Amino acid sequence: MFAVGAVLALGMVMPSFGYAQPSSSAKHFSLLFKQNAIPADFQSQLNKVGATLVDSIPEIGFAEVQADSSALTKLQSLANVDLVSPSIEWSLPDSHMAPFADAAATGPADTSSSAVNLNADLYKSYQWDIKNVTHDGASYNLGTGSHNTVVGIIDTGIDPNHPAIKANLLPGSMNFVPAGGFQGSEPAETGAASAVTDVHGHGTHVAGTIAGNGRILGVAPNMGIRAYRVFGSSSAETSWIAKAIIQATNDHVNVISMSLGGYDVIGQAFFVDPITGKKTSLGNDIADLRAFKRALQYATDHGVLPVVAAGNEAIDAGNKAQVNGYLNAEYGGDGLYFVGAGFEAPGSVSGVVTVSATGPDHSLSSYSNWGSGFVDIAAPGGDFLRYPDGDWFTDMCLSSYKNGGYSWMAGTSMATPKVSAVAALLLDKYGPMSPQKLKGLLLKQGVNSVTGTDRKFFGNGHVDALNALK
């Protein structure tokens with residue numbers, strides 16, 4: 001299995017916000033041990049093969065090391081090591097977004113009041129997606145969330161002073177981007193745990209979708225949220241994301257919203273060393289993705305429901321030929337070669353929910369991945385098929401943005417937080433339950449159900465906050 005997508009999708013084209021790719025230098029390697037622990041003699045083992053420890057996560061038995069590109073087979077031979085592979089880079093390529101040209105407000109300004117602002121001018125004029133999920137705000141009469149229930153947002157951080165979301169931002173947000181950022185390429189990154197400010201805007205958009213209460217509204221306008229920042233302005237390491245999952249779990253959040261989601265690839269993967277040309281089998285799994293699954297399992301084992309995005313490659317995840325062709329075309333230049341590959345949803349971990357995206361007419365969004373057994377549920381993520389019509393951007397999703405602003409975005413990234421919010425509303429209403437039970441309740445009660453062939457696009461149905469709270 002090989003991870004091929006961090007699916008933080010933005011913009012008017014099909015791009016994913018992050019693709020998981022091997023580091024171009026191929027000098028960072030990920031190691032997964034047979035147990036969820038780091039051996040006591042691991043450092044001495046590394047010294048023998050000339051490798052340097054970069055990061056480690058004992059809770060899931062994962063480590064990242066730096067070594068010569070030819071060291072792969074040496075690392076594979078270390079004691080108690082299960083998997084070794086070139087480290088995955090979760091990158092942040094250029095994405096197309098539609099900025100919101102903010103005219104003078106025609107409705108009340110943002111406030112920190114807990115009352116739901118049904119006269120919010122941007123909600124009334126533009127937020128078709130939130131109206132869709134809440135039945136024009138009818139679900140607000142039954143529940144808007146509380147700070148007793150918390151959604152952890154693993155993303156690009158948050159604008160902590162944004163007037164539409166600051167009242168619901170609870171203490172305890174944390175930064176996982178280290179000093180210098182991705183492999184030292186981001187000198188502005190200090191590494192401070194408190195440095196959660198969003199320099200991209202994506203995480204702030206997600207936060208408003210969940211718990212906005214001002215000029216824009218979220219699905220749960222009074223829900224507690226925390227931000228776990230794993231992206232700066234560039235790329236991320238798998239270890240940052242896994243650490244964020246574990247920290248959010250240890251902080252006792254109730255739901256984790258991960259628009260970066262990702263997926264596994266079932267099949268044979270090979271790596272060709274860019275310097276020596278040596279071809280090495282990576283087996284049927286890759287260290288980063290097994291680590292990702294272990295982190296998700298850690299969350300569900302400790303009572304947390306992760307909600308993840310299905311991805312934005314417009315692929316039928318059940319079609320192996322289509323998937324295999326896509327992977328080799330996309331990643332062949334990075335020294336990777338796949339045989340018999342097929343997607344596996346993170347939802348294969350019991351208690352994880354995978355979300356596809358729909359447009360304003362409830363049809364599958366043009367970019368959304370889909371597939372029988374892959375998608376659990378669908379939610380509005382917007383689309384951009386009418387570009388360049390004058391108001392094409394109104395088919396996208398409007399929410400909060402960095403620096404106190406607002407922005408249009410589209411993607412499974414925009415669909416995922418709506419499902420996260422409805423799951424949190426169910427918990428807020430019914431009280432504690434296991435992730436497996438919550439997932440079952442969400443897919444039974446929190447949807448507008450679909451049947452037949454529609455299930456391969458929308459899973460159990462379209463998320464519905466009103467149905468969830470009835």
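One table, with the values for the structure above:
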| item | result |
| --- | --- |
| Helix axis angle, 412-430 relative to the chain longest principal axis, alpha carbon, degrees | 70 |
| Simple Cβ-charge dipole of the chain, Lys/Arg +1 and Asp/Glu -1, about Cα centre, in debye nearest 20 | 900 |
| Where only alpha carbons of the chain are counted, the Rg and the Dmax (Å) | 21.2, 68 |
| Net charge, Lys74 excluded, C-beta distance under 13 Å - Lys, Arg +1, Asp, Glu -1 | 0 |
| Helical mean residue ellipticity (222 nm; -39500 (n - 2.57) per DSSP H run of 4+; nearest 500) of the chain | -7000 deg cm²/dmol |
| Partner lysines for Lys293 [C-alpha distance under 17 Å; skip if fewer than 8 residues away on the same chain] | Lys34, Lys243 |
| Vicinal HN-Hα couplings computed from phi for segment 371-380 (Karplus, 6.51 cos²θ - 1.76 cosθ + 1.60; Hz; Gly/Pro x) | x, 4, x, 9, 8, 9, 7, 10, 8, x |
| Cα gyration tensor shape for segment 322-470, rounded if a/c is under 1.5, else prolate or oblate | oblate |
| Globularity index of segment 148-200, i.e. its alpha-carbon radius of gyration over 2.2 N^0.38 Å | 1.23 |
| Lysines with Cα under 30 Å of Lys124, excluding same-chain neighbours fewer than 8 positions away | Lys166, Lys402, Lys418, Lys429, Lys444, Lys470 |
| Net lengthening on full extension, Ala321/His252 (0.36 nm per residue, minus Cα-Cα) | 20.7 nm |
| Under Karplus coefficients 6.51, -1.76 and 1.60, residue-wise ³J(HN,Hα) of segment 28-40 in Hz, glycine/proline x | 9, 10, 9, 10, 10, 8, 5, 10, 7, 6, 9, x, 4 |
| Least to most buried among Thr394, Thr73, Thr204 (fewest other Cβ within 10 Å first) | Thr73, Thr394, Thr204 |
| C-alpha long axis of helix 435-445 to longest principal axis of the chain, angle in ° | 40 |
| Lys, Arg +1 and Asp, Glu -1 on Cβ, resulting dipole of segment 133-249 about Cα centre, debye, nearest 20 | 240 |
| Calculated log₁₀ intensity ratio I(q)/I(0) where the Debye formula runs over C-alpha points of segment 390-470, q = 0.17, 0.21 Å⁻¹ | -0.80, -1.00 |
| Distance (nanometres) between label positions extended 7 Å along Cα→Cβ at His302 and Ser366 | 4.2 |
| Under 5 Å, built H, 5+ apart or other chain: amide partners of Leu385 | none |
| Segment Ala329-Asn148, length gained on full extension (0.36 nm per residue, minus Cα span) | 60.5 nm |
| Scattering profile of segment 143-250 at q = 0.17, 0.20 Å⁻¹ [log10 I(q)/I(0), Debye over alpha-carbon scatterers] | -0.71, -0.94 |
| Cβ-based exposure ranking for His462, His202, His147, His302, in which fewest neighbours within 10 Å come first | His302, His147, His462, His202 |
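Any read-out appearing in this document is the output of simple, stated calculations on the displayed coordinates, not a laboratory observation. Only a predicted model underlies this, so the values are computations on that prediction, with no experimental measurement involved. Backbone-built Cβ (ideal geometry, glycine too); neighbour counts: all protein chains shown.
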